[in-house]
Structure formats: C-alpha cells, structure tokens
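Step one of this worksheet: look at the structure below.
The values are calculated or read from the model by the stated rules, or taken from the named source; none is laboratory data. In this text, all values refer to a predicted model and were calculated from it rather than measured experimentally. In this analysis, Cβ positions are derived from the backbone assuming ideal geometry, glycine residues included, and neighbour counts consider all displayed protein chains.
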Amino acid sequence: MNTQLNVSKLFSISLIVSAILGCGSETDSTQLAKEVELEKLRQEGTIIESLSIENYQVRLKEGDTHQLKVTGIDSNGESRDVTNEITWKTSDESIAKINSNGLLTALKNSPSSQGLITISATTINDISDEKQISIADVAAESINLKQVIPATGSINTCTPGRVSADITYVDGYTALNSLRDINLSVDENTTAKINQQGFVYTSAAAVESTVITAAIGNVTDQLSVVADPSNLKEINVSFNSEQDNELNISVGDRIQLAAKAVYQNGNSEQTEDISSSIKWSAINSNFIGLTPKSIDDSDSTASFLALKPGTTQLLADCGTKQKITTVQIEGDAELDSLEINDGSSEYSISPLGTIELKLFANYSSNQSSLNVTEFANWSINNSNLVTTKLVNAGTAQAGYRVTSTSNTLGTVLITVQYDTEISSVLINIE
Amino acid sequence: MKKYILLFIFAASFQTKADTYYLGADYMLSDIEISSESAKPTATFLRAGASNNNMAFEAQYLISSDDDNIYNLEFELEKSAALFFVMQSDVVKGFGLDISLGYAKNEMIVNSASEKLPTNYNYDGFAWGVAVHQQIPYIKNTQVRLAYQSLFKGDDVEISGVTLGLTYHF
C-alpha cells in the first residue's frame, strides 16, 4: 500500500513539476533592471557622462586579437576604466567581433579602404563613442620607434623603460603605439635587455647609451635610449617577500627573490620594482642554484635553491648599488648518484616528438633527492637530430625538453654533469 | 490553460478524499531581487488546504502590506495567488516539515519618476517552499508555521520571502 502511495506521489510530483516549469510567463523586465542599475549609478554619482575609446588606432589582420580600452568620466568628474561596463558593437560582425570585455577578434580582412571598420561603445545610459579600426594584411612601409616611458629624457638605470612605435603601411594607414609584428633588439655591447612588449631593462654602473632596433622584415628603425644611474639612491631586496640581511635555510629550500630601487629626484623619493633588471650572483655558486626572472614572462620570479650546506653570500647588483646577503644553509647533501627521470638508460620518442628530462640528485645521507635539472650542464653531443629547451625553471618541475627536429630516425646521447657526477641517457627517435 | 488542465488531472488522480482541511494566515517579509539589488516589501497572505496521507493541496492568496524602495524606485508585491502540492512529514511531538511545489501568479507594482518605465509587472511560474510547523500547546489544532517561499525566479527578477503565521486544522 505504502509502495503504491509512494509511486503515486512520485508520479504526481513529476507531473506537477513538469507541467509548472513549462508554463511560466513574465513581463519583460530588461528596462526595469536597467533602470535599477542607472538609479544605483546616479545615487553613487558614478554614472558615466562621457567616454572615449583608447588604443584603437591599430592595424590588425585576419586572426589577430586586440584588447580595446574605454575610459569614462563620471558625474563626480572622476575618470575610470569602463571597458567592462559598456556594450560593444562592430559595424560588420562578419569582419570583426568584440566581446563584452572589449577583446576584438579580426575574423577576416576588411575590403574597405585601409581596411577600416567602425567599433562603438555605449554605456547603460546611452553615452557612446565610436572609432575606426583597421583590419587589412598590408606590408609595412616605415617604422617610427619612440620612447614612451619616460616620454623624454634618460631612463633611471634599473627602472624599466619602454619603447613603442608608429607603423605606416603601404596603403597610407598609420598604426599608433603598436609593436605588432615588430622584432625588437638591443645593442649587444651594453647591459640593456629588451622584451617584445618594448620594456627595456638596464643595469650599468655608468651612464649608458643603447641603440634599440625595431624591424618588420626589411623595414627598420633605430632609437638611442640613455640610462643614467645618478638618481639611484639604494636598492632593497626581499626573500619570500620579507627583507632580511641574513638567511638561515635548509638544503632543498627554494627562496623567491624580488628587488626594489629607491630614486632620489630633488627632494622627492620614488620606489620602483627592479626585479627584471637586477643581477643576482653568489660568492660560491655550489651552495645555491640561481634562477633569474625571465623578462619575457611578467609572472615569473627570480629564485634560488639551496643545494649544499654551508655559508655563502648572495649579491644583488644594479647600477652603482650592491646588496649583500649572507645565506647560511643547513642540512646534509652527500651526493650519492644522479638519476634522469625514473632512472632508465634510454627512452624512445617518435619523429618530431618531445620528451622532458628531469635530473635528480640523490643524497645518501638523508635518502632524499632534489630536482637539479636547471643547475646541471647538459650536452646533446653536437647532435642535430634534436633541439633542447629548459622549461619550468625556478620550480620543482624544472625540465630539459628534448624535441626531435625532423622525421629522421636515429639515436642521441645526452650527457649531464652536476657537481662531480656525470650521467647519460640515450634518446631513440623511432 | 494547459497548466490548469494538468493540475486538474493531477487533483483528480487523488484516490481518497481529504481527511483534514486547514486555514492559515501569515505575515511575509518578501525579497524582490533585481540587478543585484533587493527591495523588501511586506505582505500578508491567507492559505487554505486539504490534506490526506501526508499530501495536501494548498491555495494561497497574498495581498500587499507595505512597499519598499531600491534607490528612487518603489516596489510593491501587489498580489500573488498560488496553488501548491504539499508533501508533509509525519508530525512528531507536534513538529512537522512541509515541502511545497506549485505555481504562482504574481503582480508587482513599480513606481518611479520615469514616464517610460511601466508600472505593472506580472511574473507567473514555478514556485516552491519549505516550511516547519509546531503545534501550539493548549490551543487545539493550531500550529505556528515558519516558511521560506520562492514565488518566482526569472531572467531579471526573483521574488521570494520568509513567512511566519498560524495554521488551524478543522
């Protein structure tokens, strides 16, 4: 009886829920929801009264993406980024689409003159701006490389400077502040480094002039930037986000490094992050393994790994300043053997395939092991069958990536030396 | 119309006749949520139901008691009529739990300075609720009841509320 009742109840519930769920109706409340949002903005005084699309004068081609930005001025007279608060539209959705966060994707090249299409940005209270953006695959005619940070004068040594470029194309269109398709390089005789976002990192102890070259194919331009260390007052370093003059750590500890510089300009002081410019070194590099910050990856950090017990000094140099930190490492690290991956003497990959090798130092004293891949000397013994790359540097997952370069079959002997030990492995391409 | 026919078929599928009838009156602190803002107008509603074998049919009718503002917009849950199928737990020491599934027709009024904005809004659809009730000592057949009800959930608007009231069983 109870079973019959339960079945009846379940059937009834299913019937009623399915009947009811399919039968709802509601007055369109979109306008009401919008009015509530408008009222909120009015009350807060943050309703936008004018806006302007920025960084729109670029040249894209099919498949490219470009992040647009819109700045608005609210009823309090304050300026703010409203890129994510507005409705975006393009004049031709078949040529370019744009998402709610202002990321524009060029779907195909525009057939119009100079490849121009119109993009518009509209706020909830119908304030709008529209600009033209160019989507066309046309060769560059000239580059005008320019310094943007600082806009004029010399760069404070160690502080990142920045360059950008205006590119004129053969159809007469000029893209402003664009490094798209540009290859940047610096004079090799200086301390300067540059990444493809145009950031210039300098560290010389004297005034240094560096020539930066921008190239798109055969079209080039050069710009000379000067780095001056005279305003550099001091540098401060931090270890795992804390400032210490002496570190007491154990074998196997990995310490994140960061650095800031203080500049004196007249009576004012300003502090800048110089983690990408500073040079790290150790008095005895056997005790610690250093991983510099990559200038091509803004998320990377410099770090070091404590490899052996003992005392060493970590040096941080930039411009005319140096910071010395004593590092005391405790623990046992009696190297017993080296092991590549799981210890096999050979591995197989397919043509054009990849394998990641990790080198572990095994310590007999405490039966532990450390990934020392990035601190070892690897050799492919002049083989042209593979290329290699260090990956995940600065982490416990650091690896030595070996990639077959062609369809050619063969065997590559890879040897690696760490400390006093040597190990090897055969890579069969088959 | 289809929903009423289905509900009628469902009601007719009850195999035995009701053995208890009840009436209730509740005070509701409603919550009208729109654009991440909410208004909390109050309302009063009456309930009438018939139960059998831990199942019940319940009709309820709500009338507005007060309005509430979201900034300069005045919200009022003008009226709401709902029909629920109620699954009732066994009553232990006077305490019981009900779960309701049903259909509600809600009418909301919004007053604003904007002439472009409509005043009346109707939201009809699935409604559900969960309630606990406790027999009141010394007052025969009377329970105090605390419940949460979701009267509508749509794309832009959600109407729900917490209710407190009394139920009398005949």
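The table that follows gives values for the structure above.
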{"read-out": "Selection from segment B:51-102 of residues that are within 19 Å of B:Ala25 (Cβ to Cβ) and of a type in the set (D, E, K, R)", "value": "B:Glu58, B:Asp66, B:Glu78, B:Lys79, B:Asp98"}
{"read-out": "Scope segment A:103-120; condition small (Gly, Ala, Ser) and either modelled with pLDDT under 95 or in a helix (DSSP H, G or I) (or both); matching residues", "value": "A:Ser110, A:Ser112, A:Ser113, A:Gly115"}
{"read-out": "Residues (within 14 Å of chain A (Cβ to nearest Cβ) and under 23 Å from B:Thr167 (Cα atoms)) located in segment B:30-58", "value": "B:Ser51, B:Asn52, B:Asn53, B:Asn54, B:Met55, B:Ala56, B:Phe57, B:Glu58"}
{"read-out": "Residue tally, condition surrounded by fewer than 20 Cβ atoms within 10 Å (Cβ to Cβ), touching a strand residue (DSSP E or B) at 6+ places or on another chain (Cβ under 8 Å) and under 24 Å from A:Tyr201 (Cβ atoms), over segment A:139-152", "value": "5"}
{"read-out": "Entirely in segment A:298-396, the strands (runs of 3 or more DSSP E) that have 2 or more residues that are farther than 30 Å from A:Glu234 by Cα", "value": "A:335-340, A:346-349, A:354-357, A:359-363, A:368-371, A:377-379, A:386-391"}
{"read-out": "Odd one out for A:Gly217 among (1) at pLDDT 95 or above; (2) within 18 Å of A:Asn144 (Cβ to Cβ)", "value": "(1)"}
{"read-out": "Flag for A:Ser365 being loosely packed, with under 15 Cβ neighbours inside 10 Å and among the hydroxyl-bearing types (Ser, Thr, Tyr)", "value": "yes"}
{"read-out": "Residue that is surrounded by fewer than 20 Cβ atoms within 10 Å (Cβ to Cβ), more than 10 Å from chain A (Cβ to nearest Cβ) and closer than 23 Å to A:Val36 by Cα, where the choices are B:Lys116, B:Lys79", "value": "B:Lys79"}
{"read-out": "Lone unmet requirement of (1) exposed (fewer than 14 other Cβ atoms within 10 Å of the Cβ); (2) modelled with pLDDT of 95 or more for A:Glu93", "value": "(2)"}
{"read-out": "Those residues of segment B:127-152 which are without any contact (Cβ under 8 Å) to a residue 24 or more places away in the chain and within 14 Å of chain A (Cβ to nearest Cβ), in sequence order", "value": "B:Ser150"}
{"read-out": "From A:Ser368, A:Ser404, A:Ser383, A:Ser379, residue being touching a residue at least 12 places away in the same chain (Cβ under 8 Å), within 25 Å of A:Ile255 (Cβ to Cβ) and among the hydroxyl-bearing types (Ser, Thr, Tyr)", "value": "A:Ser368"}
{"read-out": "Options A:Thr420, A:Thr395, A:Thr388; residue that is surrounded by fewer than 13 Cβ atoms within 10 Å (Cβ to Cβ), closer than 29 Å to A:Phe304 by Cβ and of a type outside the set (Phe, Trp, Tyr)", "value": "A:Thr420"}
{"read-out": "Filter result for A:Ser178 (under 20 Å from the mean Cα position of the chain (by Cα) and among the hydroxyl-bearing types (Ser, Thr, Tyr))", "value": "yes"}
{"read-out": "Verdict on A:Asn183 being polar (S, T, N, Q), buried (at least 20 other Cβ atoms within 10 Å of the Cβ) and over 30 Å from A:Thr30 (Cβ atoms)", "value": "no"}
{"read-out": "Given (1) within 24 Å of the chain's Cα centre (by Cα); (2) small (Gly, Ala, Ser); (3) within 18 Å of A:Gly217 (Cα to Cα), number of the condition A:Ala192 does not satisfy", "value": "(3)"}
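Yes/no per residue for (1) in contact with a strand residue (DSSP E or B) (Cβ under 8 Å, 6 or more places away or on another chain); (2) among the polar types (S, T, N, Q); (3) surrounded by 17 or more Cβ atoms within 10 Å (Cβ to Cβ):
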position: A:Thr191; (1), (2), (3): yes, yes, yes
position: A:Ser209; (1), (2), (3): yes, yes, no
position: A:Gly217; (1), (2), (3): yes, no, no
position: A:Asp221; (1), (2), (3): yes, no, yes
position: A:Asn231; (1), (2), (3): yes, yes, yes
